[in-house]
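Note sheet for the following structure.
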Amino acid sequence: MITNDSPRGRARAGADFCTAPMRQINCVVHFFADQFITFRGKRGATDLKCGERRGAGRPTREEAAAINDRVLDGARTAFCRQGISGASMDEIATAVGVTKHTIYRRYPSKAALLEAVVQRDIARFAGEMQANSDQAAAEASGPVEALKLATRRFFQCCVTPEDVAFISFLQAEGAFSEDMRRKLTEWERVANAPLRERIEDAQAAGCVRTGDPARICEVLVDLIDGGARRSTSTEGTKSLSEERFEERWSIFARAMLERC
């Protein structure tokens with residue numbers, strides 16, 4: 001039997017005593033390693049919940065595009081509700097379900113995020129309007145009907161609550177920001193371009209009075225946009241909205257159309 005009083009016992013006790021500091025160091029190292037692994041695991045779980053798949057590598061192009069769309073959608077909603085100064089990157093990240101770092105990797109500032117939101121909406125609205133205008137021209141029996149159909153599609157886009165809220169946000173912010181006024185001017189120029197094309201076609205056919213197509217388009221848009229806003233503000237029905245469109249179109253027709 002080996003006891004602490006025996007030579008072998010004293011030798012083992014001495015060895016244990018000599019190696020005790022090393023065992024303590026190893027325990028500390030393993031403790032912090034376990035904590036680090038646990039932390040990374042929790043962080044990975046958070047990122048997985050946010051859709052970034054850190055544990056499985058970088059997101060695919062489609063996943064990255066989907067994350068970006070969510071970020072822009074969330075930012076658009078926050079800007080419309082709270083304005084530029086009221087919307088924080090933290091709130092946007094929480095609402096979207098991503099980390100703030102995810103947003104900053106894509107957009108280094110709130111101004112850059114706003115720019116991306118505006119540019120995406122301009123491109124989307126312009127694409128819809130151009131497609132609607134081209135379809136109207138194909139369906140119409142003449143240039144005036146093509147202009148009216150395109151104008152009706154414009155009216156229908158203007159009464160979409162999300163678009164009304166966003167345009168109202170741009171106009172409100174534009175009262176205090178020169179940069180925002182430039183963005184709004186660009187929005188109007190791009191959105192009105194398809195209508196201006198139909199006006200030019202009708203002028204070429206002698207169906208619209210001579211004059212600057214851009215100015216004539218402004219008159220038409222002011223009439224139609226005002227009717228659309230009144231429809232949304234009074235919670236009008238679809239039939240009432242159509243009635244307002246016809247009223248506004250008839251005013252434009254009496255003022256600007258020629259007998260073809």
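The values are calculated or read from the model by the stated rules, or taken from the named source; none is laboratory data. Please read all numbers here as calculations on a predicted model, not as lab measurements. All Cβ positions, even for glycine, are placed from backbone atoms using ideal geometry, and neighbour counts span all protein chains on display. For the accessible areas, the whole protein counts, side chains as well, though only heavy atoms, and no ligand, DNA or RNA atoms are used. Shrake-Rupley method; radii C 1.70, N 1.55, O 1.52, S 1.80 Å.
I need a count of the residues in the stretch 93-134 that are assigned to a helix (DSSP H, G or I) and under 23 Å from Ser177 (Cα atoms).
Looking only at that region, the number is 15.
Picking from Arg189, Arg229, Arg182, Arg259, which residue would you name as being modelled with pLDDT under 90, surrounded by fewer than 20 Cβ atoms within 10 Å (Cβ to Cβ) and outside any helix (DSSP H, G or I)?
Testing whether each residue is modelled with pLDDT under 90, surrounded by fewer than 20 Cβ atoms within 10 Å (Cβ to Cβ) and outside any helix (DSSP H, G or I) leaves just Arg259.
Which of the residues that make up the stretch 129-159 are open to solvent by less than 50 Å² (accessible area, probe 1.4 Å) and under 19 Å from Val118 (Cα atoms)?
Of everything in the stretch 129-159, those that are open to solvent by less than 50 Å² (accessible area, probe 1.4 Å) and under 19 Å from Val118 (Cα atoms) turn out to be Met129, Phe154, Cys157, Cys158, Val159.
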